[in-house]
Amino acid sequence: MKEKFYISTAIAYTSGKPHIGNTYEIVLADAIARYKRLQGYDVYFQTGTDEHGEKIQLKAMEKSVTPQQYVDEVAAEIKLIWDTMNTSYDRFVRTTDPLHVEKVQHIFRKLYEQGDIYLGTYEGLYCTPCESFFTESQLVDGKCPDCGREVHYKKEEAYFFCLSKYQDRLRQYIDEHPEFIQPESRKNEMIHNFLDPGLQDLCVSRTSFDWGVPVDFDPKHVVYVWLDALTNYITNIGYDTDRSTEEFYHWWPADLHLVGKDIIRFHTIYWPIFLMALDLPLPKQVFGHPWLLMNNDKMSKSKGNVIYADDLVQFFGVDAVRYYVLHDIPFANDGNITYELLIDRINSDLANVLGNLVNRTISMGHKYFNGSIQNAHAKDIMDDGFIEMIQDLPRKVEEKMNGLEVGDALDEIMLLLRRSNKYIDETMPWTLAKEDEKKDRLMTVLYHLLESIRVSAVLLQAFLPDTAASILHQLGTSCQLLTYQNDGNYQLQEAEILFMRIDKDKKLVEIAQTLARSIV
Ligand code: MSP
């Protein structure tokens, strides 16, 4: 029996087209999901869209369409971007799905009937985009502490969830499960900013708009969008309050919720408490990844500094974009993107190191041996360190991936590829080719290079699936083994350029012209 691994992303708001920052998350999740599959896990990878709430209702009104029409259009656009990025999710869920809606109603009713939710009134300062109430002292410079926008006074009858009832249990759980909130710094933030001061009851219904899941026993209320959204992780795998499916028991608890650092509070405080109230186990880990900034600034439409994944793919190709976001966003600190940085990274890592190595090696294989290469066992002592590095790579990548340090895992692969290029410079195959008695040595050198490329490509399937497939095709091998093979056999195929070196100045002009045309 394969061990299961359930990974999810946050579900994206259908308030507009997602930028490369939101897209980063699905690519990151995809790399982890593909890697786990490679390791033999039975993986379930869920993503989707968060489609209710006042903000979305207002957007639909602006466009003179119904909210359902609006979310249908945006959800399709989001799914298309996820597909463009070649992400291998198993299910794309939507909070407007009638089955989900019905289960949210059941959950709300159960929590009400068992006394966790009660009816009260709310008076306070309200932020419409965040759909949250705040007290005066929570505001920052008189504005919303989450998004920095204006808040306004609002009073309404509302249902509340009694969070304080569960706070000691949650605190104990966090203390006993140090791996639950990652990175560690986020855990400390949650404890000091929220648990230590004590949790206020949470307002879990709204009456001022109706684009949401109606509370079935009091339909002038709709369910708070976060209670609706968070439950997506269980409703879509078969949870229901009185008759969950086998599928649910197979997958739950999730192994990893991948979310951005801004919504870690919802996933490590509210969500675990809702689960405790439902008497369900908690997810094993919540990873609050850092953000991707544009030129060290938050991306926003009003600043005009938003970069979209589909534009990047048009300019650079899918795997170059995947490589950049996976490699250049650190584990705990925000990452940065500009067109210049992206071009530099493609040239330095993908064209010069990876592309060049594969191209040189395959070309030499054709030139010297008509593409047919086996181990000729003419090993030199200088090969030992290189072969050891090939042998060690899978373990090093695994270590980094287990710690969710995806950029560092890619760096380990790049290290071997760089070492392989150096091995070519050291062994100088073109010199060996000049002497007939060095034929075996030459074939052995090429064989070692091919093994290094093969093992790297097998691992790269998790990160750059198309590139890895192309490399394995060019090598003419289907061997997926992650160890150096002593007796492999290569029938090389035609060499294909993987990544062209980009002329930076020319490309920047092309990008500027294309983007200017699309604005006009
Ligand atoms: N709908 C909520 C999530 C509900 S999950 C039950 C939401 N949606 S979102 O569309 O605003 O964000 C989706 C994800 O993208 C979140 O995890 C968010 O943190 C992440 N990011 C938003 N901007 C980002 C960057 N600039 N960089 C990296 N991730 C970013 O929040």
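Here are the numbers:
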{"item": "Extension gain, Asp425 back to Thr241 (0.36 nm per residue minus Cα-Cα distance, nm)", "result": "59.8 nm"}
{"item": "Long-range HN-HN contacts of Val93 with modeled amide H, under 5 Å", "result": "Thr47, Gly48, Thr49"}
{"item": "Proxy reagent accessibility, fewest Cβ within 10 Å first, across Trp82, Trp252", "result": "Trp252, Trp82"}
{"item": "Farthest positive-ward along the stretch 338-491 dipole, Cα basis, beta-carbon charges - from Leu357, Ala433, Leu464", "result": "Ala433"}
{"item": "Exposure proxy ranking, count of Cβ atoms within 10 Å, fewest first, for His106, His473", "result": "His473, His106"}
{"item": "Estimated vicinal HN-Hα couplings, Hz - the stretch 237-250 in sequence order (Karplus 6.51, -1.76, 1.60; Gly, Pro = x)", "result": "10, x, 6, 8, 4, 10, 8, 6, 8, 4, 4, 4, 5, 5"}
{"item": "Cβ-placed point charges (K, R +1; D, E -1), dipole of the chain about Cα centre in debye, nearest 20", "result": "760 debye"}
{"item": "Euclidean distance of C-alpha centroids, the stretch 411-444 and the stretch 1-71, integer Å", "result": "45 Å"}
{"item": "In the stretch 149-253, the trypsin sites (Lys or Arg not before Pro) that fall in loop regions by DSSP, at most 10 other Cβ within 10 Å", "result": "Arg243"}
{"item": "Proximal aspartates and glutamates to Lys284, defined as alpha-carbon separation beneath 17 angstrom and excluding residues fewer than eight positions away on the same chain", "result": "Glu3, Asp42, Asp175, Glu176, Glu179, Glu184, Asp255"}
{"item": "The stretch 338-491: Lys pairs at Cα distance under 23 angstrom, eight or more positions apart or on different chains", "result": "13"}
{"item": "Asp503-Ser208 FRET efficiency (beta carbon distance; Förster radius 41 Å; 0.05 resolution)", "result": "0.15"}
{"item": "Violating pairs (Cα-Cα greater than 18 angstrom) within the set Lys55/Lys154; Lys55/Lys298; Lys17/Lys303; Lys110/Lys155; Lys143/Lys165", "result": "Lys55/Lys298; Lys110/Lys155; Lys143/Lys165"}
{"item": "Sites Glu340 and Gln314 - FRET efficiency at Förster radius 22 Å, r taken between beta-carbons, to 0.05", "result": "0.80"}
{"item": "Nearest-20 debye value, the stretch 338-491 charge dipole, Cβ charges on Lys, Arg, Asp, Glu", "result": "420 debye"}
{"item": "Net length gained if the chain between Ser363 and Asn188 were fully extended (0.36 nm per residue, minus Cα distance)", "result": "57.6 nm"}
{"item": "Using a Förster distance of 41 Å, the FRET efficiency for Lys301-Leu195 (Cβ separation, nearest 0.05)", "result": "0.70"}
{"item": "Cα centre as origin, Lys/Arg/Asp/Glu Cβ charges: the stretch 88-221 dipole, Debye", "result": "220 debye"}
{"item": "Residue-wise HN-Hα coupling along the stretch 142-147, computed from phi with Karplus coefficients 6.51, -1.76, 1.60 (Hz; x: Gly, Pro)", "result": "x, 10, 4, x, 8, 10"}
{"item": "Prolate/oblate/rounded label for the stretch 71-220 (Cα gyration tensor, a/c 1.5)", "result": "rounded"}
{"item": "Percent RCO, i.e. relative contact order, over the stretch 279-333, from Cα pairs under 8 Å lying at least 6 residues apart", "result": "40 percent"}
{"item": "³J(HN,Hα) computed for each position of the stretch 115-122 - Karplus, 6.51 cos²θ - 1.76 cosθ + 1.60, integer Hz, glycine/proline x", "result": "x, 6, 10, 9, 8, x, 10, 10"}
{"item": "Relative contact order (percent, whole number), the stretch 104-210, Cα cutoff 8 Å, 6+ residue spacing", "result": "28 percent"}
{"item": "Residue exposure sequence - Glu179, Glu398, Glu412, Glu131 - by fewest surrounding Cβ within 10 Å", "result": "Glu179, Glu398, Glu131, Glu412"}
{"item": "Considering only the chain, percent of DSSP beta bridges that pair antiparallel, nearest 5", "result": "50 percent"}
{"item": "The stretch 289-306 versus the stretch 83-106: alpha-carbon centroid distance in Å", "result": "27 Å"}
{"item": "For a label point 7 Å along the Cα-to-beta-carbon line of Lys4, residues of the stretch 73-107 with backbone N under 15 Å", "result": "90-91"}
{"item": "Mean projected area (nm²) of the alpha-carbon convex hull when the chain is viewed from all directions", "result": "27.0 nm²"}
{"item": "Potential extension, Ser518-His377 segment - 0.36 nm per residue separation minus Cα distance", "result": "45.0 nm"}
{"item": "Relative contact order (percent, whole number), the chain, Cα cutoff 8 Å, 6+ residue spacing", "result": "15 percent"}
{"item": "Kyte-Doolittle at least -0.5, axis length at least 27 Å by Cα - qualifying DSSP helices, the chain", "result": "406-427, 439-460"}
{"item": "The stretch 185-258 and the stretch 457-520: distance between their alpha carbon centers, rounded to Å", "result": "41 Å"}
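Read-outs: derived from the displayed coordinates by stated rules, not from any lab. None of these values were measured; they are calculated from a predicted model. With ideal geometry, Cβ positions are generated from the backbone for all residues, glycine too; neighbour counts draw on all protein chains shown.
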